[in-house]
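**Q** Sending over a structure as structure tokens; questions will come in a sec.
The values are calculated or read from the model by the stated rules, or taken from the named source; none is laboratory data. The shown structure was predicted, so the numbers you read here are calculated from the model rather than taken from an experiment. Backbone-built Cβ (ideal geometry, glycine too); neighbour counts: all protein chains shown. Keep in mind that these areas ignore ligands, DNA and RNA; they rest on the heavy atoms of the full protein, side chains included. Shrake-Rupley method; radii C 1.70, N 1.55, O 1.52, S 1.80 Å.
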Amino acid sequence: MCGRLIAGNMTQAQMLAIIEGFVYPTRSVVIDVDAPPAETGYNIKPTQQVNIVFPQGGAVMASTARWWLVPSWFKGAAGDWKPTTFNAKIETAFEKPSFRQAWSSGRCLIPATGYYEWSGPKTKRMPNHVRLSQNQPVMLLAGLHSQLSDGRRTCTVLTRPALPDIEALHPRMPVILTADEATAWLDKTASDDTIRDSFGTHWDGRFLVDPVAKFSLKDDGPELIEPLEADKFDLRPPG
């Protein structure tokens, strides 16, 4: 599950520098100047606009998309699409009618500095700030995107079974790509079997998780990611 993202105050220029530096050092990224601006901040929700990067022709395009994928074949407005499609399972997206076309021709990256996952009993669920210990300053989430008849883009975040480090939080996690995986994902140089089996599985031992205070849908600001306690969330299995 991935239902809340963190972008901090990352500008589009900073995002482009990261993509060019870590994913495509030999290629320039072209900015989609007609795209609506992406949301920034610490509480980005489905249906809001997020940054995406995708191949187009021989170029790499930086644009934005509404985070809740609407298939390009849907004839209504994006807000009229009712199925819950802000996440897609990497195991089955290639064959699902809502995602099949985007899997084939709409692969993208969705940069984020972290995400939230909720844990605990149903009546006392608490948010946790999840991110990685890594050299690059953002996580590269595997995504799919579509373009609607009005020209607007929509997207979804791919998920997979959670790695042992964080499965105590939730049984699923976003597919977080290494730089090499990100290139292979966009350029389709890895088989679908390899993508489903191994992409996003190389981060065990590198997750950082902090319990944070409860917040509302409208809350925002760096205080949302301040650790609730000094001690880190215990990721060790019980026993």
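**Q** Is there any pair linking a residue in segment 25-40 that is under 10 Å from GLN12 (Cβ atoms) to one that is part of a loop (DSSP other than H, G, I, E, B) and not hydroxyl-bearing (Ser, Thr, Tyr), with Cβ under 8 Å and at least six apart or on different chains, and which?
**A** Once the first residue is under 10 Å from GLN12 (Cβ atoms) and sits in segment 25-40, its partners that are part of a loop (DSSP other than H, G, I, E, B) and not hydroxyl-bearing (Ser, Thr, Tyr) give ALA38/ALA7; THR40/ALA7; THR40/ASN9; THR40/MET10.
**Q** Inspect segment 24-36 for any residue being of a type in the set (Phe, Trp, Tyr), part of a strand (DSSP E or B) and out of contact with any Asp or Glu (no Cβ under 9 Å at 6 or more places or on another chain) and give the result as yes or no.
**A** no
**Q** Please count how many residues of segment 90-145 are out of contact with any strand residue (DSSP E or B) (no Cβ under 8 Å at 6 or more places or on another chain) and under 19 Å from ILE18 (Cβ atoms).
**A** Within segment 90-145, residues that are out of contact with any strand residue (DSSP E or B) (no Cβ under 8 Å at 6 or more places or on another chain) and under 19 Å from ILE18 (Cβ atoms) number 4.
**Q** Of everything in segment 57-72 that's touching a residue at least 24 places away in the same chain (Cβ under 8 Å) and open to solvent by 20 Å² or more (accessible area, probe 1.4 Å), which residue is nearest to ASN128 (Cα to Cα)?
**A** Here the residue is TRP68.
**Q** Residues to consider are LYS89, LYS75; find the one that is farther than 29 Å from PRO222 by Cβ, among the charged types (D, E, K, R), open to solvent by 10 Å² or more (accessible area, probe 1.4 Å) and under 13 Å from the mean Cα position of the chain (by Cα).
**A** LYS89
**Q** Just to be sure I understand the filter: pairs with C-beta atoms under 7 Å, separated by 6 or more residues or on different chains, first member in segment 218-229 and of a type in the set (Asp, Glu), second member surrounded by 15 or more Cβ atoms within 10 Å (Cβ to Cβ). Which pairs pass?
**A** Pairs that qualify, where the first residue is of a type in the set (Asp, Glu) and the partner is surrounded by 15 or more Cβ atoms within 10 Å (Cβ to Cβ), are ASP219/ASN43; ASP220/GLY41; ASP220/TYR42; ASP220/ASN43; GLU226/VAL212; GLU229/PRO211.
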